[in-house]
1. List the helices (runs of 4 or more DSSP H) that sit entirely inside segment 1-104 and contain at least 1 residues that are under 26 Å from the mean Cα position of the chain (by Cα) and surrounded by 10 or more Cβ atoms within 10 Å (Cβ to Cβ).
2. Pick out the one residue from ALA79, ALA110 that is of a type outside the set (Asp, Glu) and in contact with a Leu (Cβ under 7 Å, 6 or more places away or on another chain).
Amino acid sequence: MRSPAAPRPVTLKRRIFLTLSVCAVLAMAGRALLGDRGLFEVWRKKGTHRKLAAEVEALRQENLALKQEIQSLRSDPAAIERLAREQLGFSRPGEINFVFREDEPPRVEAPASR
């Protein structure tokens, strides 16, 4: 009989079992990190979620501003006049509109030669 402190001899079956166990653990760890629902994919999805949440918040702010503009256009004649002047170039009777074009370079005329 063996003494309890003596190490057990490593048999071939035990070595194969340990090797397969280590391979299984490594395969599960690899899948947990690299799989389609792994850790790296979760991190990528969280980043995408943050970007989309920020975009949704920006769109909500824009929507709120547009609702306020609609409300002012429905109830405030001065807002309608401001919009007509700014975007459509309208003016009141007796006013003169000046249109400045920035797309044309300034012309320099050459002196007349005799």
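Only the coordinates and a few stated rules stand behind these numbers; no lab work does. Just so you know, these numbers come straight off a predicted model, no measurement behind them. Glycine gets a Cβ as well: all are built from the backbone with ideal geometry, and neighbour counts include every protein chain shown.
1. The qualifying helices (runs of 4 or more DSSP H) are 12-34, 39-75.
2. ALA79
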